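The values are calculated or read from the model by the stated rules, or taken from the named source; none is laboratory data. Predicted, not measured: the structure shown is a model, and the values here were computed from it. Note that each Cβ is placed from the backbone with ideal geometry, even for glycine, and that neighbours are counted across all protein chains shown.
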Amino acid sequence: MASKNKKENILIVDDARDTLEMLRRNLTSQGYRVFTTPGVVEALKILEVTSIDLVITDLKMPGVTGLDLIRHIRENYKDTEVMMITGYASIEGAVEAVKVGAEEYLPKPFTDEELFSSVHRALSKLYLRRAGEVQDIKSPKSRYGLIGNSEVIYSIFNAIDKAAATDATVIITGESGTGKELVARAIHYSSLRASAAFVPVNCGAIPEELLESELFGYVKGAFTGATASRAGFFQTADGGTIFLDEISNTSYRMQVKLLRVLQDKEVFMVGARRPQKVDVRIQAATNKDLFNLVKKDEFREDLYYRLNVITIDLPPLRKRGEDTLILAKYFAKKFASEIGKPIPRFSDKALKVLKNYYWPGNVRELENVIQRLIVMTDDILIDVPDLPSLMRFSALRETGHNRTLVEVEAEYIRNILDSVDGNKTKAAKILGIDRKTLREKLKKIQK
């Protein structure tokens, strides 16, 4: 897919003036920056001084032919794709064009749609190769593990900078595995509170009956077994930040207590008679639609508006374009270095599968897949057969709209379980449900 910030440079080479004008007009209308020339000699001069993403060349021209131009580009311009057009279409001509390096072969006459589709495919291959050739990907400074070059991730970096400059409450939304805690950490460690503690709390992992004492602490004798007073997470985070992950899993009763902390900046330890002042910035996260939960009366409206001062919505990996391939290369380098293996490279076909896969578990799933590949693959080249079966065969599955919701959900759950080697705890976390719910769903699937 083309970048919205960059107009791709396309060079058209054809000795027919009317063809040049037609192609120039049509491609300019699609947002491309178009250069035209009637011959190969003039084309070479343009290539020397201009960065060209795609060359569209006629096959038969006076003097130097289109095949000669393709050979020259392949030998001298590795970051340029080539597309052949010709009025003398033949199987032999197509084979020869592909052999010397043309990515697309389009016989005349062709429709506008056929032209646009061929150009899009050629440029997509270019972007795929560019992303696959990235070798030294490093985390942007002060982003604490957040990596990417897409527009959506740049908008997240910008939101982090703005949130870090204030002390306002932040709520981070997004699917499981998108990096919500990484964003929360980046905000904390880029803020004036960076020298104090960052305390993450998974509200969904702590039983309801223990959550209050874990968050607010308890005094000696508050309940059986409380042989000494103990500070809670809020006291530990005093002066710093507390990160309440999966806040949508908290009960109405606990939500009332959290609202009091936000309003009064004080907590009641379990068994205490007086409140205790705390200076804590609250960040919260959820993979659910909190506003929708408010409308269903499943989450307190007053707490929602207290939390929802700054909202950062993390995009799923499938909407981050080339970031998938950049992250794959980064993780490959990371895990190969950890175990002393040479850094592998990915075949073009493998990169295409990685890019087109749905990634229901997002970055966390991608990281797990790459780690497994590094450990289990001996070759320096990672190809399609090395990838997990659910990724290799997903294109062969029934994907139409004639399946029931139960069938779609069952396939999705099986895919997640396969991606984490059957680990139900990890699968439940990716799916955004608890283990009990996952067990119940698996019983229904297996019936």
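Descriptive notes on the structure:
- Ala228 being surrounded by fewer than 16 Cβ atoms within 10 Å (Cβ to Cβ), more than 31 Å from the chain's Cα centre (by Cα), closer than 25 Å to Arg274 by Cα and among the aliphatic types (A, V, I, L, M): yes
- Residue that is assigned by TED's automatic domain parsing to the domain that holds Arg273 and part of a loop (DSSP other than H, G, I, E, B), where the choices are Ala184, Ala194: Ala194
- Every pair of residues 6+ apart whose Cβ atoms lie under 9 Å, when the first sits in the stretch 111-122 and is in the same structural domain as Thr86 (by TED's automatic domain parsing) while the second is at pLDDT below 90 and surrounded by fewer than 15 Cβ atoms within 10 Å (Cβ to Cβ): Ser118/Phe110; His120/Met1
- Test: Lys60 is surrounded by fewer than 18 Cβ atoms within 10 Å (Cβ to Cβ), at pLDDT below 65, assigned to a loop (DSSP other than H, G, I, E, B) and not assigned by TED's automatic domain parsing to the domain that holds Leu351: no
- A single entry from Glu175, Glu212 fulfils the requirement of being assigned to a helix (DSSP H, G or I), touching a helix residue (DSSP H, G or I) at 6+ places or on another chain (Cβ under 7 Å) and outside the structural domain of Gly361 (by TED's automatic domain parsing): Glu212.
- Members of the stretch 332-347 that are part of a helix (DSSP H, G or I) and either among the hydroxyl-bearing types (Ser, Thr, Tyr) or in contact (Cβ under 8 Å) with a residue 24 or more places away in the chain (or both): Ala332, Lys333, Phe335, Ala336, Ser337
- Criterion (in contact (Cβ under 8 Å) with a residue 60 or more places away in the chain and among the aliphatic types (A, V, I, L, M)) met by exactly one of Leu23, Leu11, Leu44, Leu59: Leu23
- Residue in the stretch 412-427 that is among the basic types (Lys, Arg) and modelled with pLDDT of 90 or more present: no
Table: residues versus (1) over 22 Å from Leu211 (Cα atoms); (2) touching a residue at least 12 places away in the same chain (Cβ under 8 Å); (3) not in a loop (DSSP other than H, G, I, E, B).
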position	(1), (2), (3)
Ser248	no, yes, yes
Leu259	no, yes, yes
Gln263	no, yes, yes
Arg274	no, no, no
Arg318	yes, yes, yes
Tyr330	yes, yes, yes
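- Hey, Glu407 modelled with pLDDT of 70 or more and part of a helix (DSSP H, G or I) or not: no
- Of the listed requirements (1) at pLDDT below 90; (2) among the polar types (S, T, N, Q); (3) closer than 30 Å to Leu325 by Cα, Thr86 misses just one: (3).
- Output for the stretch 305-316, where each listed residue is part of a helix (DSSP H, G or I) and either surrounded by 23 or more Cβ atoms within 10 Å (Cβ to Cβ) or modelled with pLDDT under 90 (or both): Leu307
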